[in-house]
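Visitor: One structure follows; several queries about it will come next.
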Amino acid sequence: MDTLSIEEQRAAEAQMNTRTWIKHKYAEEEAARQKKHRSDVITKPQHYNFGIEPAEFMEALGIAEDYYAGNVIKYISRYKQKNGIEDVKKARQYCKMLLDLLETQI
């Protein structure tokens, strides 16, 4: 049975530590990418990438208050059957937008 010298053992440990660190760092970066993607799905969905956000359009028409309230109802009423927590987060986003709008009207 071959044994490693102390230098070889230290080099092997350092290499393993480097690999472990790289795997850990990659996992952290991947988690951050996924978190950002989940956030983007809530606040800036890719399918609304056509020059003007629907919310901005509704504001320009003067009907944003009803639009926001309707979306809160839509997402809350369907979350159990459709997208779960993602829909609750969308409802929260529209609720925040409604609150912001109402607070500017005070």
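Visitor: Taking the Cα atoms only, what angle lies between the long axis of helix 64-78 and the longest principal axis of the chain, rounded to 10 degrees?
Guide: In the chain, helix 64-78 runs at an angle near 60 degrees to the longest axis.
Visitor: Round to the nearest 10 and give me the degree value, 0 to 90, for the angle of helix 85-104's Cα axis relative to the longest principal axis of the chain.
Guide: Value to nearest ten degrees: 50.
Visitor: Let me ask another. Mind giving me the nanometre distance, one decimal, between the label points for residue 17 and residue 4, set 7 Å out from Cα along Cα→Cβ?
Guide: Distance between the two pseudo-spin positions: 1.3 nm.
Visitor: Once the piece of chain linking residue 88 and residue 56 is laid out straight, how much longer is it, given 0.36 nm per residue of separation minus the C-alpha distance between them?
Guide: Details: separation 32, 0.36 × 32 = 11.52 nm, distance 2.15 nm.
Length gained, residue 88 through residue 56: 9.4 nm.
Visitor: From Cα coordinates alone, what are the radius of gyration and Dmax values for the stretch 49-106 in angstrom?
Guide: 12.1, 37
Visitor: No solvent, one uniform scatterer per C-alpha: report log10 I(q)/I(0) for the chain via the Debye equation at q = 0.11, 0.15, 0.16 1/Å, two decimals.
Guide: Results for the chain at q = 0.11, 0.15, 0.16 Å⁻¹ read -0.54, -0.76, -0.83.
The numbers here are math on the coordinates, done by the rules we state, and not lab data. Owing to the predicted nature of the structure, the values given are computational and were not obtained by experimental measurement. Ideal geometry is used to build each Cβ from the backbone, glycine not excepted, and the neighbour counts take in all protein chains shown.
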